[in-house]
Amino acid sequence: MGSSTYEWIVHNEKKVASQTGSAWPYSQPAWIFSNRKLPIIKGKDIKFVSGDVRQAHAEMRSAAGTKNIWIVGGGDLAGQFYDAGLLDELIIQVGSATLGKGKPLFPRRVLSPILRLVSVCQMGAGMVELRYKVNKGGVSCGS
C-alpha cells in the first residue's frame, strides 16, 4: 500500500471501523511503501519499506504463498510493480466524484494490447469496476 492510503486509514480510523468493524481492516500482512516516517499501528502485521519494489515483492510472495498480492492506493506504486514485470492485473474502481480530478490513476503509457479489458461491473448507482489483464508475453494472434 502507498503511504497516502495508509495515512488516510490512520487519520480516518473511526470511519474505517464503522464500515469494516476494525480501525485496521486487514488480517493479512501489509507492506507500506514510503520514504517518510509514518505513525505505527501497534499489534498489526505491518512492514514499512522503501526502495526497489522487487525486494519487497520477494518477501510478499513468500508470505502470500499461492494467494494473490494486492497493491492498493497509489498509481505510481502500481506503476513501479508494472515496470518491474510484477503486475498481472489492474482492478480499477471509478466513481463519478473522482472523474476529472486528482492524481493520475496509473502514470504509465500502457495501452492495448498490453492491457486487455476482461470485465466491467457496475457497483451501485455511481461506481464501476474495470478489470484489465496485463499481457506480459507480447502480442499474439487473436489476443
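Numbers for the structure displayed
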| read-out | value |
| --- | --- |
| Residue list for segment 88-115, restricted to those being over 18 Å from GLY126 (Cα atoms), modelled with pLDDT under 80 and among the charged types (D, E, K, R) | LYS103, ARG108, ARG109 |
| Options GLY79, GLY73: the member that is of a type in the set (Gly, Ala, Ser) and on the phi > 0 side of the Ramachandran plot | GLY73 |
| Residue count for segment 39-65, restricted to those that are under 15 Å from THR5 (Cβ atoms) and among the β-branched types (Val, Ile, Thr) | 3 |
| SER62 vs. criteria on the phi < 0 side of the Ramachandran plot, in a helix (DSSP H, G or I) and loosely packed, with under 11 Cβ neighbours inside 10 Å | yes |
| Matching entry among VAL49, VAL72, VAL53 (being in contact with a Leu (Cβ under 8 Å, 6 or more places away or on another chain) and in contact (Cβ under 8 Å) with a residue 12 or more places away in the chain) | VAL53 |
| Residue in segment 118-130 that is modelled with pLDDT of 90 or more, surrounded by 10 or more Cβ atoms within 10 Å (Cβ to Cβ) and either within 16 Å of the chain's Cα centre (by Cα) or assigned to a helix (DSSP H, G or I) (or both) present | yes |
| VAL72 vs. criteria modelled with pLDDT under 95 and under 22 Å from SER4 (Cα atoms) | yes |
| Looking only at segment 21-38, and only at residues there that are in contact with a Phe, Trp or Tyr (Cβ under 9 Å, 6 or more places away or on another chain) and not in a strand (DSSP E or B), the one that is nearest to GLY75 (Cα to Cα) | SER34 |
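For every residue, the table says whether it meets (1) loosely packed, with under 13 Cβ neighbours inside 10 Å; (2) part of a loop (DSSP other than H, G, I, E, B); (3) under 15 Å from the mean Cα position of the chain (by Cα).
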residue: ILE40; (1), (2), (3): yes, yes, no
residue: ALA58; (1), (2), (3): yes, no, no
residue: PHE81; (1), (2), (3): no, no, yes
residue: ARG109; (1), (2), (3): yes, yes, no
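The values are calculated or read from the model by the stated rules, or taken from the named source; none is laboratory data. Please read these numbers as outputs of a predicted model, since none were measured by experiment. Cβ: placed from backbone, ideal geometry, glycine included. Neighbour counts: every protein chain shown.
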